[in-house]
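See below for the structure under consideration.
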Amino acid sequence: MTTRVRVLGAGLALAVATVAACSSSGGGTRAARPGLHTIKHVVVIMQENRSFDSYFGTYPGADGIPEQNGTFTVCVPNPATRTCERPYHDPADVNGGADHTNAAAIADVNGGKMDGFVARAESSARGCSVTQNPICAHSNSPDVMGYHDAREIPNYWFYARHFVLQDHMFESNASWSLPAHLFMVSGWSGRCKRAYDPMSCHNGNPLNPDEDDNVHFAWTDLTFLLYQA
């Protein structure tokens with residue numbers, strides 16, 4: 001019988017894991033935990049461009065959007081209207097959000113105040129010719145305070161209810177999708193000066209491949225190391 005463990009994480013990654021065994025290489029063997037030999041596969045589904053609260057902020061029991069007596073107790077300042085916007089249910093299938101660069105993350109977090117999201121969404125560029133351009137928002141008006149629930153995403157809430165919901169998982173890279181994907185598969189994000197030369201790589205966010213086709217990721221990824229082991 002195969003043991004299956006599924007882990008659901010929102011924010012940047014939605015992880016569904018069916019467990020896989022690793023045998024030690026070399027001369028010796030290590031004692032495995034009971035049941036570890038039943039692990040067959042690890043499957044990860046990457047969830048992009050969503051905060052935890054966007055999908056699970058109102059999930060029962062989760063550390064999501066603070067509320068009391070059925071009313072949200074938090075809001076985010078809106079410089080354009082000089083009001084403070086509270087979270088609202090958003091049934092839209094597509095959300096424009098805001099830019100998701102490193103500068104945007106810093107502005108959103110605002111030294112820990114977590115109050116820069118609406119302002120950043122309002123100042124984000126619009127009308128970019130490249131849909132995936134991380135400096136651009138794709139809605140006419142800010143929709144960053146909207147959240148979804150089981151009415152729009154029943155499958156995700158089903159996974160959370162029947163498996164595990166990680167409500168304290170944070171992305172390792174405060175930037176856009178490409179470096180975040182690299183962190184997921186290699187634990188690192190870097191730029192390489194010379195193609196296919198890992199010794200020329202250094203810490204950093206790679207260039208947008210939509211702007212520069214000459215992007216190479218020369219370092220070893222974790223999946224290869226796990227495969228070798």
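The values are calculated or read from the model by the stated rules, or taken from the named source; none is laboratory data. Source: prediction; values computed, not measured. Neighbour counts run over all protein chains shown; Cβ positions are idealised from the backbone, glycine included. The accessibility values were calculated without ligands, DNA or RNA, using every heavy atom of the protein model including side chains. Shrake-Rupley method; radii C 1.70, N 1.55, O 1.52, S 1.80 Å.
What the table below lists for this structure:
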| item | result |
| --- | --- |
| Descending semi-axes in whole angstrom, ellipsoid equivalent of the range 136-229, from the Cα gyration tensor | 32, 21, 10 |
| Segment ASP90-ILE135, length gained on full extension (0.36 nm per residue, minus Cα span) | 13.9 nm |
| Cut-off under 5 Å, modelled amide H: who pairs with GLY190 long-range | GLY204 |
| Within-13-Å neighbourhood charge of SER141 [Cβ basis; K, R +1; D, E -1] | -3 |
| ASP93, ASP63, ASP99, ranked by accessible area, largest first (probe 1.4 Å) | ASP93, ASP63, ASP99 |
| Förster-model FRET efficiency, 22 Å R0, ASP221 and GLU171, C-beta, rounded to 0.05 | 0.80 |
| Kirkwood hydrodynamic radius (C-alpha pairs) into Stokes-Einstein, the range 54-131, 10 °C and 1.306 mPa s, D in µm²/s | 112 |
| Area accessible to solvent at VAL185, 1.4 Å probe radius, in Å² | 50 |
| Surrounding net charge for TYR59, when Lys and Arg each add one and Asp and Glu each subtract one, Cβ distance under 14 Å | -3 |
| Summed side-chain charge close to GLU152 - residues other than GLU152 whose Cβ falls under 9 Å, Lys, Arg +1, Asp, Glu -1 | -2 |
| Potential lengthening between ALA229 and ALA150 on full extension [0.36 nm per residue; Cα-Cα distance subtracted] | 24.5 nm |
